[in-house]
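Engineer: Can you keep this structure in mind? I'll have questions shortly.
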Amino acid sequence: MLMRFRRSRFAVLVLAVLMLSWTVNVTLASVESGASDVPLSPVVDPETAVALRQDRPVVHAVLFWSQTCPHCHFVIDNVLPAIKEQYRDQFNVLLVEMRSQQDWASLVQTAALFDIPQASVGVPFLVIGDKALLGSGEIPSYLPGLIEAHLARGGLELPDIPGIDRGIPFALPGEEICEAGTDCVETAVLVGQQKPDGHNLAIAIMVGMVGALAYVGTNTVRYFRTQARFRAPKWLEQTTPWLAVVGLGVAGYMAYVETQAVEAVCGPVGDCNAVQSSPYAKLFGVLPIGVLGVVGYIAILLAWFWTRLRRGQSVRQARWAVLAMTTAGTLFSLYLTYLEPFVIKAVCAWCLTSAVIITLLMLVNLSPALQPVRGRARR
């Protein structure tokens with residue numbers, strides 16, 4: 001009886017295992033059959049993908065901005081990335097940078113189309129359709145709603161306004177921008193994350209200017225304490241008029257650019273138009289820095305020629321006047337040079353040239369100022 005019971009229990013166990021195996025096989029077969037009935041997504045070739053993208057509505061906008069504008073950087077670095085991430089290729093915005101007085105004139109013309117007076121024109125300034133949004137408050141508040149409204153209407157083309165031919169498409173890092181009839185080009189506009197062209201040169205000039213100021217200050221203090229004469233080659237002083245004339249030419253050109261609202265020839269280093277169009281290009285917002293430089297170099301030339309044409313105590317005073325003017329000019333140029341890479345985020349080759357010239361003028365006029373005057377004044 002015991003053997004029969006064990007055999008029957010073993011048979012039941014084998015039967016249960018066979019039934020379980022059959023059930024699993026049927027289940028897997030039905031899953032595979034059901035999966036085969038699901039249609040697979042077709043592989044879309046690049047041309048078809050572009051065509052599909054072109055069928056979707058796209059909204060275009062234009063943003064006028066400046067490197068020296070913190071509100072512009074807020075919009076570009078914080079507002080546009082989130083909006084672009086949401087709409088991707090259905091929202092395109094061109095960034096038009098204000099680099100010269102002509103750029104600002106174009107912006108004023110654009111603002112006039114929206115009945116915005118010149119006194120109210122500023123950046124960031126965004127144009128989307130028949131609307132103009134000003135400032136870092138209006139743009140994030142109204143731009144998403146305007147995008148949705150224009151997408152619902154079938155999209156929006158670029159506005160017909162001055163300056164958009166210089167626009168650069170805004171894109172997320174690594175994003176591909178595909179336009180009709182063109183190949184996809186990987187691009188990304190990352191504002192404020194790269195050092196301006198000429199950054200290292202500006203830093204090197206700043207270091208040299210600080211060293212020159214320390215050298216002049218040390219020798220001047222020693223002269224007043226010990227009355228020790230500071231000796232230097234006599235030919236150095238003869239370079240003063242030549243350096244001043246070159247500096248006058250540089251300052252004259254910058255004054256011409258600033259007062260006539262023309263685009264400057266910048267050369268291979270830096271972006272002088274961005275510097276010249278910044279708020280720091282005018283002293284107290286009124287006097288162009290180039291005009292101030294012209295006045296300064298003329299004053300240095302007049303004082304130096306006085307030392308050559310006169311004798312006596314007035315010569316000593318003129319020599320100290322030249323040293324004082326060149327030292328003040330070097331200090332002011334050091335401040336301006338600091339602004340370029342760290343505040344304006346652009347470097348001006350003309351400005352750096354003027355900074356070097358005024359520093360050299362200070363150095364070559366140190367020795368004449370610390371020398372006794374020969375001869376007496378004429379009567």
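No value in this document is a laboratory result; all are computed from the given coordinates. Owing to the predicted nature of the structure, the values given are computational and were not obtained by experimental measurement. Here Cβ is always computed from backbone atoms with ideal geometry, including for glycine, and neighbour counts include all displayed protein chains.
Engineer: Net charge around Arg166, counting only other residues with Cβ within less than 9 Å of its Cβ (Lys, Arg = +1; Asp, Glu = -1)?
Structural biologist: Combined, the nearby Lys, Arg, Asp and Glu give -2.
Engineer: Using the Cβ atoms and a cut-off under 12 Å, what net charge is assigned to the surroundings of Asn273, where Lys and Arg are +1 and Asp and Glu are -1?
Structural biologist: Around Asn273, the surrounding residues sum to -3.
Engineer: Extension gain Asn78-Val207, at 0.36 nm per residue separation less the Cα-Cα distance, in nm?
Structural biologist: Length gained, Asn78 through Val207: 43.0 nm.
Engineer: Figure the gain on full extension for Ala105 and Gln86 (residue separation times 0.36 nm, minus the Cα-Cα span) and round it to one decimal in nm.
Structural biologist: 3.5 nm
Engineer: Give me the dipole magnitude in Debye, nearest 20, for segment 199-369 about the Cα centre, with unit charges on the beta carbon: positive for Lys and Arg, negative for Asp and Glu.
Structural biologist: Roughly 1100 debye, rounded to the nearest 20.
Engineer: State, to one decimal in nm, how far the label point of Arg310 lies from the label point of Leu283, with both points 7 Å from Cα in the Cβ direction.
Structural biologist: 2.2 nm
Engineer: Decide, for segment 47-186, between rounded, prolate and oblate: order the square roots of the alpha carbon gyration tensor eigenvalues as a ≥ b ≥ c, take rounded if a/c falls under 1.5, and otherwise choose prolate if a/b is larger than b/c, else oblate.
Structural biologist: In terms of gyration-tensor shape, prolate.
Engineer: Measure off 7 Å from each Cα along the Cα-to-Cβ vector at Ser141 and Val269, then give the distance between these two points in nanometres to one decimal.
Structural biologist: Reported label-point gap for Ser141 and Val269 is 4.5 nm.
Engineer: Right, next: Mind listing the long-range amide H neighbours of Phe91? Cut-off is under 5 Å, sequence gap 5 or more, other chains count too, H placed in the peptide plane at 1.01 Å from N.
Structural biologist: Val59
Engineer: With a cap of 15 neighbouring Cβ atoms within 10 Å, and only residues DSSP puts in a loop, list the trypsin sites (Lys or Arg not before Pro) found in segment 113-167.
Structural biologist: Arg153
Engineer: Could you tally the net charge around Gln101, taking each other residue with its Cβ under 13 Å from the Cβ of Gln101, Lys/Arg +1 and Asp/Glu -1?
Structural biologist: -1
Engineer: Further question on the same structure: Could you tell me which trypsin sites (Lys or Arg not before Pro) in segment 225-290 are loop residues by DSSP with no more than 13 other beta carbons within 10 angstrom of their beta carbon?
Structural biologist: Arg229, Arg231, Lys234
Engineer: Residue separation times 0.36 nm, minus the C-alpha to C-alpha distance between Ala214 and Val343: what's the value?
Structural biologist: Difference between extended and current length: 44.0 nm.
Engineer: Based on the Cβ-Cβ distance from Ala328 to Phe114, what FRET efficiency comes out when R0 is 45 Å, to the nearest 0.05?
Structural biologist: In this case the efficiency is close to 0.50.
Engineer: Same structure, new question: Quick one: go through segment 298-323 and flag any residue whose amide nitrogen is under 13 Å from the point 7 Å out along the Cα-to-Cβ line of Tyr223.
Structural biologist: Under cut-off, by backbone N: 316-323.
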